[in-house]
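Rule-based calculations on the coordinates, nothing more; no lab input. For clarity, every value in this text was computed on a predicted model and none was experimentally measured. Note: ideal-geometry Cβ built from the backbone for every residue, glycine included; neighbour counts use all protein chains shown.
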Amino acid sequence: MRLSQLFTKTSKNVPADETAKNAQLLIQAGFIHKEMAGVYAYMPLGFRVLENIKKIVREEMNAVGGQEVMMTTLQPRDIWEKTDRWDDKKVDNWFKTKLANGTELGVGLTHEEPIVDASGNYVHSYKDLPFYTYQIANKFRNELRAKSGLLRGREFLMKDMYSLARSQEEHEQMYERAVEAYYKVYDRLGLGEITYRTYAEGGIFTSRFSDEFQTLSDVGEDTIFVDEAKKVAINEEIMTDENLQKLGLNRSDLVQKRGVEVGNTFHLESKYTDALDVYYADEQGEQQSIVMGCYGIGVSRLMGVVAELFSDDKGLVWPEAVAPAKVYLVRIGGDDAVKHADELYKELKGNGIEVLYDDRDERPGVKFADSELIGIPFRVTVSDRLVEAEKYEFTPRKSGETVELTRSELFAKLN
């Protein structure tokens, strides 16, 4: 990618209508465009970050046997009435619309009912179970107050996975495998050390405790109490002596923190499969209930969390795993610098290294400032002086410490 061809631009101005750091930086750096409160479009660099996060999530869901699907956004009313989740008094953040003939439809906020409805065409016998299925798609929730940039939106990208099992025991095993996959996702994003499995309300999904995955942050909406030794936490909303006893936690061991919910998992029992008349026949031909779990990760919210936590007073500081490129290549000088920078750009790409090439006719200070705002992990500078010395300037975004390297030293660093 050449900056001279990128249609988006950086901005020195902090957007006046944004108070969240993640939204301010992502808009200034040209990663996202705000359509309205809680609704953002993803520009080329932001789209790359989203795709990298999706890749990590997809790989870990596939590793536990997840089968990816794409469900519909428009939802028929009848399947939601069967599970008693159509009424706005029961679920108050629905977006709803109508066909020209007056038929009411829901705009997808979650997909338990559609997944079960579809599975009913394929699940009949114990031989058809168990399985996980998931999708990565936009969700729509009519939040009363969308705030905190990408941390709480009305339209957002989410991975939602569902497990269908033959028994409670089988479900519990599948559930814990999914939880382990979540830990791996957060580790790969650089959030593992500050993300806690957190016991919380089951909400509209289940009467049991749910598991939230809370990443520690001062901008978090949730107050949680962390047992650092056990690496678990409890949400303030269920912080009672009775619940602490159920969970085997001691109040004296808990430390109060703020957290951003970056994932959640729920035990669904057979609530949705029974309501939609989806059963299986066991080995004796007897009809049995299917036990479900569901597992959500906010992909676009993770982008916001990473931007919020991995940044400084100069801009974004993307971890390599999600950055839109690995190298920010700066070209300064005349024909020699142009020639050597163009050659290095092609060589880096030929070695499978993603490069954002600042080939603009701009002052060095502008290029360096943009490299820091955009937050690519490594800046490589080519100038007339460096060409003459057969060296390159190499600057990790995180440390900001510049060293001069030979070509072989540079490729050794990058590989």
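Listed by chain and number, the aspartates and glutamates whose C-alpha is less than 17 Å from the C-alpha of Lys398, apart from same-chain residues fewer than 8 away, are Glu308, Asp312, Asp313, Glu320, Asp370, Glu372.
Count charges around Glu236 for me, please; just the other residues with Cβ under 13 Å from its Cβ, Lys/Arg as +1, Asp/Glu as -1. Intermediate values should be presented prior to the final figure.
Working: positive: Arg251, Lys257, Arg258; negative: Glu201, Glu212, Glu221, Asp222, Glu237, Glu261.
For residues surrounding Glu236, the net value is -3.
With θ taken as phi - 60° and the Karplus curve 6.51 cos²θ - 1.76 cosθ + 1.60 applied, the whole-hertz 3J(HN,Hα) list for segment 376-391 is 4, x, 9, 9, 10, 10, 10, 9, 4, 4, 5, 4, 4, 8, 6, 10 Hz, x standing for glycine and proline.
Rounded to whole numbers, the Karplus 3J(HN,Hα) couplings from phi for segment 214-228 are 10, 9, 5, 6, 5, 8, x, 7, 9, 9, 10, 10, 9, 9, 5 Hz, using 6.51 cos²θ - 1.76 cosθ + 1.60 with θ = phi - 60°, and x at Gly and Pro. Under a 5 Å amide H cut-off, with hydrogens placed 1.01 Å from N, Ile32 pairs with Ile27, Met43 among residues at least 5 apart or on other chains.
Relative protection proxy for 312-320, 102-110, from highest mean packing down: 312-320, 102-110 (other beta-carbon atoms within 10 angstrom). I need the calculated FRET efficiency for the pair Glu320 and Thr72, taking r as the beta carbon distance and R₀ as 35 Å, to the nearest 0.05. With a Förster radius of 35 Å, E is 0.50.
What helices does the chain hold that run 24 Å or longer along their axis, going by alpha-carbon atoms, with a Kyte-Doolittle average of 0.5 or more, using DSSP H for the helix calls? Numbers along the way, then the final one.
Values: long enough: 44-63 (28 Å, -0.24); 168-188 (30 Å, -1.69).
Within the chain not a single helix satisfies the rule.
The distance linking segment 258-291 with segment 133-148 is 22 Å (Cα centroid to Cα centroid, whole angstrom).
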